[in-house]
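Here is the structure we will look at, set down as structure tokens.
The values are calculated or read from the model by the stated rules, or taken from the named source; none is laboratory data. These figures come from a predicted structure and were not determined experimentally. Reconstructed Cβ throughout: ideal geometry from the backbone, glycine too, with neighbour counts over all protein chains shown.
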Amino acid sequence: MTAHPTVAARHPRGRARRTVSSLATAAVLVASAALTGCAEQRDDDVYTVLNSSTDETYHRWDAEAMARCGKQLGVTVEQQSVPASQVMTKALRMASSKSLPDVVQFDASEMPVFAEAGGLVDLRTLGLSTDHVPDGIVDFGSYRGTYYGAARSVNTLALFYNKDVLAEAGVRTPATWDELREAARELTHGKRYGLALSAGGAEDGVFQFTPFMWSNGGDERELDSPEVVEALDFWKALLKDGSLSRSTVNWTQADVNDQFMAGNAAMMINGPWQVETLNSDPSLNWGIAEIPVPEAGADSVAPLGGAVLTVPRTGDDERQRTAGRIVACLTSEKEQLTYALNSWMVPADERAAARWRARVPELDALADQVAAARSRTAQLGAGWPAVSLALQSAFQSALTGQSSEAALKRAQQRATSGN
Amino acid sequence: MTTSTVTAPPSAAAGKPAAPDPARARRRRRLAQWGFVAPAVVFMLLFFGYPLVRNVVMSFQHYTPKTFFTGEAPFNGVDNWSSVFRDALFGKALWHTLVFTAGSLLGQFCIGLALAVFFNRRFPLGGVLRSLILLPWLVPMVVSGIVWRRILDQDTGVLNAFLDTLGLGGGTPWLTSPGMALLSVILVNIWIGIPFNMVILYGGLQEIPKELYEAASLDGASAWRAFRSVTLPMLKPVITVVLVLGFMSTVKILDLILALTDGGPADATQTLGTLTYQNSFVELDFGAGAVVGNVLILISAVFAVFYLRANRTEGK
């Protein structure tokens, strides 16, 4: 422009027009970039799995399994991993921009929300069989009777204990609440607490409370029932004895494991996903047992945890069928066993579980616990998150001073009012 | 550019009157001016206007996970608003937000100002110390949250161990007692906010001419009197900026509280920020989340108006 000042000055309108047209070009560029971002180009042979395997080990195990299955089916399977708490929101966003991945691995407690929104394909219509999957685990992956999610492995909670500390104190592994209370009291010594558990304000705490609530006959549909109050009173009693740290209301399950490994707790309630970390300390001599029950002979009902592989509705039948085959391969007996041996979780498939038991007899208690375990969302489905939030607030109130009864009454009101 | 120069026929220029119509020229200039403003306006509308309007509309809709598939979000009047306002947790969260904001601002500002005044004089190692105090500012909010959670742990935390050795009683339930947790969270946020306050106020102090203090001391003013009658009035514009910006960043607090207490124990540290998060991303009730978000925007907007007012009067 500076090279031809006279011409430019003679054509002011031309200059304005050029400004406008360059703006328009920029706008078109931005808009087209945005559009291509939305309407994702699907590559015919590349399939994506959205999961929460952000840990290096899990990411690697999954990548290996997907490579094997991809090879078998003649396609490329890629994984996209986001933190567990973001899987749902990410999947929802992808749904609104019509760019859903071919397979999504949801936490089983979140799957009903997505299923209810109409976002999942019935796996049976894709030819997945549930012949060798126990009923409890079929229910775990089902919503309103439809089988939407295939589990590779399941997990649950168990009582982990430090064998050396128990032997030194001459304490037997507790099996009932009374024994647990007594053992925890005897094992509490100096800076060491008898028991550690998570009562934090998130799903972790609720997950840990359910075995106490359920084994006592309580139910998430009636939070203020005497059975639930009694279960919460038991937690309060442990705290009052000094067997539980007061920090328990601020701990996640990972914190609980840290405390146990640091020798600050003789026993803990936790899950098999901690085993890898526990084994990183060879001097730690730990064992596991079923979670103690209110009365001798009662069933120990623990929560089923774990993720399920689902096929979201992408609208492309052919791709959905292939996605179903990918899920079938990832949940095959062989892949389940590999995954379970890596991750210390229990295979969902009966045959794989039997072989797994033979390979890791030390985790027998866990396998027994899984057999009787219950899904958190079986009763409430998509209504679970609201009840979970109400329950968190209730046991935190009770553990910090309020009466269990009043706290749970308030929780029940909050859960039913929908707030 | 070159093509237009070449294609522009010289005869056309010659054919035009020598002096162009002034009204027309002005119109063209205006058009060109608007052309330069337009990108900024488009940017603002796209990235600020749209989300804002969207959020307001969403608060009147029944917006659920299903909406992401069907795109349908039926309007439900003031249902979301009334259910949020009827929820006891909202009142609690609002109160906590106010206490948190007021407490944080007061602490950050007073300590920040004291440190700024302290570092305003020259002394050995003053510069080094000043940059050390900046450290909390460099640490991401989530990281400081996690570190402080360990420090404040009732049994294994460093702070209680330290208090214990001083004989001040070790077992303070910093984050585990509903009565204490909000205070602890405020204290951590004060720690985080001090550098910002100090740096801005220090900058303001450097601007005050030294002659004013000389004149004050000639008039026999004590140090306190000089602070009150010279420093504070001269610092007023900077103070407004610090307080308003501090308010805006404090009132919407989320990450720090999630890392420290997750809103607990027993909802003792729920603020409007955590409530929005919980409504939208845990319960997936996006309408209710939008309501709380709008309340936050409204509160911030009120203070933004104060801020603009204050700035305008300064300008005059």
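Residues that are of a type in the set (Lys, Arg), at least 3 per element: which strands (runs of 3 or more DSSP E) completely within the stretch A:144-198 meet that? Don't jump to the end; show me each part of the working.
Values: elements: A:149-151, A:158-162, A:193-196.
Fully inside the stretch A:144-198 and qualifying: nothing.
Inside the stretch B:135-179, can you point out the residues that are in contact with a Pro (Cβ under 8 Å, 6 or more places away or on another chain), of a type outside the set (S, T, N, Q) and either assigned to a helix (DSSP H, G or I) or modelled with pLDDT under 85 (or both)? Don't jump to the end; show me each part of the working.
In the first step, residues of the stretch B:135-179 are kept if they are in contact with a Pro (Cβ under 8 Å, 6 or more places away or on another chain); the result is B:135-137, B:144, B:154, B:175-178.
Those left that are additionally of a type outside the set (S, T, N, Q): B:135-137, B:175, B:178.
Residues satisfying the conditions are B:Leu135, B:Pro136, B:Trp137, B:Pro178.
Quick check on the stretch A:83-139: of everything there that is charged (D, E, K, R) and away from every other protein chain (no Cβ under 14 Å), which residue is nearest to A:Asp349 (Cα to Cα)?
Step one: filter the stretch A:83-139 for residues charged (D, E, K, R), giving A:90, A:93, A:98, A:102, A:107, A:110, A:116, A:122, A:124, A:131, A:135, A:139.
Add one more test, that the residue is away from every other protein chain (no Cβ under 14 Å), and what stays is A:102, A:122, A:124, A:131, A:135, A:139.
Working: A:Asp102: 23, A:Asp122: 19, A:Arg124: 16, A:Asp131: 9, A:Asp135: 11, A:Asp139: 13 Å.
Filtering the stretch A:83-139 for residues that are charged (D, E, K, R) and away from every other protein chain (no Cβ under 14 Å), the one nearest to A:Asp349 (Cα to Cα) comes out as A:Asp131.
Could you check B:Leu296 against (1) more than 23 Å from B:Ala93 (Cβ to Cβ); (2) touching a residue at least 12 places away in the same chain (Cβ under 8 Å); (3) under 15 Å from the mean Cα position of the chain (by Cα) and say which number it fails?
(1)
Can you report the number of residues in the stretch B:38-70 which are within 8 Å of another protein chain (Cβ to nearest Cβ) and part of a loop (DSSP other than H, G, I, E, B)?
Of the residues in that region, 3 qualify.
Given A:Ala323, A:Ala378, A:Ala340, A:Ala390, which one is touching a helix residue (DSSP H, G or I) at 6+ places or on another chain (Cβ under 8 Å), within 14 Å of chain B (Cβ to nearest Cβ) and in contact (Cβ under 8 Å) with a residue 24 or more places away in the chain?
Working: A:Ala323 fails: within 14 Å of chain B (Cβ to nearest Cβ); A:Ala378 fails: within 14 Å of chain B (Cβ to nearest Cβ); A:Ala340 fails: within 14 Å of chain B (Cβ to nearest Cβ).
None of the others qualify; the one that does is A:Ala390.
Need pairs with beta-carbon distance below 6 Å; first residue without any contact (Cβ under 8 Å) to a residue 12 or more places away in the chain and within the stretch B:69-92, second part of a loop (DSSP other than H, G, I, E, B) and surrounded by fewer than 18 Cβ atoms within 10 Å (Cβ to Cβ); sequence gap 6+ or separate chains.
Within 6 Å, the pairs are B:Phe69/A:Gly118.
B:Phe281 passes all but one of (1) over 18 Å from B:Arg86 (Cβ atoms); (2) more than 9 Å from chain A (Cβ to nearest Cβ); (3) in a helix (DSSP H, G or I); which number fails?
Single failed check for B:Phe281: (2).
Can you go through A:Leu197, A:Leu239, A:Leu223 and tell me which one is aliphatic (A, V, I, L, M), at negative phi, within 12 Å of chain B (Cβ to nearest Cβ) and touching a helix residue (DSSP H, G or I) at 6+ places or on another chain (Cβ under 7 Å)?
It is A:Leu239.
Tell me which of these B:Leu134 doesn't satisfy, since it passes every other one: (1) hydrophobic (A, V, I, L, M, F, W, C); (2) farther than 20 Å from B:Thr261 by Cα; (3) in contact with an Asp or Glu (Cβ under 8 Å, 6 or more places away or on another chain).
(3)
When the stretch B:71-93 is examined, which residues are found to be in a loop (DSSP other than H, G, I, E, B), within 12 Å of another protein chain (Cβ to nearest Cβ) and exposed (fewer than 14 other Cβ atoms within 10 Å of the Cβ)?
Within the stretch B:71-93, B:Gly71, B:Glu72 qualify.
Pick from A:Gln274, A:Gln253: which is surrounded by fewer than 22 Cβ atoms within 10 Å (Cβ to Cβ) and closer than 21 Å to A:Asn162 by Cβ?
A:Gln274
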